[in-house]
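Accompanying notes for the structure given below.
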Amino acid sequence: MKLRSPFGWLALAALSASPLCGQENMLPVSRTAGVLTADLPAGKSTLVGMPFASIVASGTVGSVNAGQLTLVSSPAVLPSLTAAPHAIKITSRVDQRGTGTNAPAGSSTNAYGYAAKITAQADQAVTAALSVVPNVGDEFVIYKLATLSSLFGATNSANLKEGETSATADIVYLASAGELVGYFYHSTADVWRATATPTTGDAGTTEIAPGAAILVARKADGAANIELTVTGDTLPGRQVSDVNSGFQVINNPYSVSTTLAASGLQSAITGGTGAASADVIYLEQDGVLSGYYYKTGGVGGIGWRALSNNVADAGATLVSPGKAILFKEQAGTVKFVLQEPFAE
């Protein structure tokens, strides 16, 4: 896993020397552009995050009418956003009423970090099913959504192992309603297909949903090592993902590392006195998936624990850039929040 950022390394060096402090109503000083090269070794399963995306517009929300947002944007005229799939992400919260002891009285919505696919566009007005309606004045970015074809090539230029069934081919897993749905490249039809319908269809336009990522399961007899390249800009602000009971592959959109203890994830998931009563986070390293949960009490104390050890503190476990997170919701979490890995 290699992250290269021709425009961002100086900014990252500055962060390490003197951490920047951000607020929910402020964007980072500048965007970071970069390249991710993810290794996909044969015979292993790899969680691939996508810390870079192609941002096509940014600006502020001018007016709100339910799911329709009229945008004040840069560029001043939005490009076409429905011919190819795009998403909008809310990257700030301009109205801080009711959010702290020093906040003005009253209340306002907090869509900061939420993203959704744009389903309709009329000039500067876009429709997107955001789980929380933003405030007028909230900032946003609009970016292209990846598809199986754009990531791996419409004709499998990534060189994943092909096959007539998923039993002989490499499989790309995406999450859907709490289940992992597999896709593979059909060797004779020359199209992407779902493992559930191996003889019909073309799944190349299947989208990686906002806030989601991929799990690639390679067969042992495929090419020894494959590299997947993702380019673009970092998506600013925190990330909030709605979750369903079951498994989700959640994107880690950040190009710097953090730890379980520093991530703040314990406040966004449901902990428990044991793994059976808690949500579980799976992290992958060198093809090995390891599960962790937040222990809230009982024998072994409180804090992050590995599934294999309910006593040893696992808070220092690294959440690596370029690696997605496999999340099992089994204890009632409503949303999964990833904070930017620097002090706010």
* Convert 10 °C to kelvin, take the viscosity as 1.306 mPa s, use the Kirkwood radius over C-alpha pairs of the chain as Rh, and evaluate the Stokes-Einstein diffusion coefficient in µm²/s, rounded to a whole number. => 75
* Can you list the aspartates and glutamates whose alpha carbon sits under 14 Å from that of Lys335, skipping same-chain ones fewer than 8 residues off? -> Asp242, Asp279
* **Residues of the chain: accessible area per residue with a 1.4 Å probe, Å²** => 43
* Structure fact -> Of the listed links Lys44/Lys323; Lys44/Lys89; Lys44/Lys295; Lys295/Lys323, those spanning more than 21 angstrom between alpha carbons are Lys44/Lys89; Lys44/Lys295; Lys295/Lys323
* Structure fact -> For the range 172-237, one quarter of the surface area of the C-alpha convex hull, expressed in nm², comes to 6.3
* Can you pull the one-decimal nm distance between simple spin-label points at Ser187 and Asn102, each 7 Å off the Cα toward Cβ? => 6.5
* Asked: Of all the accessible heavy-atom surface of the chain, with the other protein chains kept in place and a 1.4 Å probe, what percent is carbon and sulfur?
  -> 55
* Asked: Based solely on its DSSP helices, what 222 nm [θ] is calculated for the chain when runs of n ≥ 4 H residues each add -39,500 (n - 2.57) and the sum is averaged over all residues, nearest 500 deg cm²/dmol?
  -> -1000 deg cm²/dmol
* Of Pro236, Pro253, Pro104, which is the most mobile in a GNM of the chain whose springs link Cα atoms less than 10 angstrom apart? -> Pro104
* To do: Starting from the Cα gyration tensor of the range 189-276, multiply each eigenvalue by 5, take the square root, and state the resulting semi-axes largest first in whole Å.
  => 30, 19, 16
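The values are calculated or read from the model by the stated rules, or taken from the named source; none is laboratory data. Worth saying up front: this structure is predicted, and the values here are computed from it rather than measured. Ideal geometry is used to build each Cβ from the backbone, glycine not excepted, and the neighbour counts take in all protein chains shown. Ligands, DNA and RNA are excluded from the accessible area calculation, which covers all protein heavy atoms including side chains. Shrake-Rupley method; radii C 1.70, N 1.55, O 1.52, S 1.80 Å.
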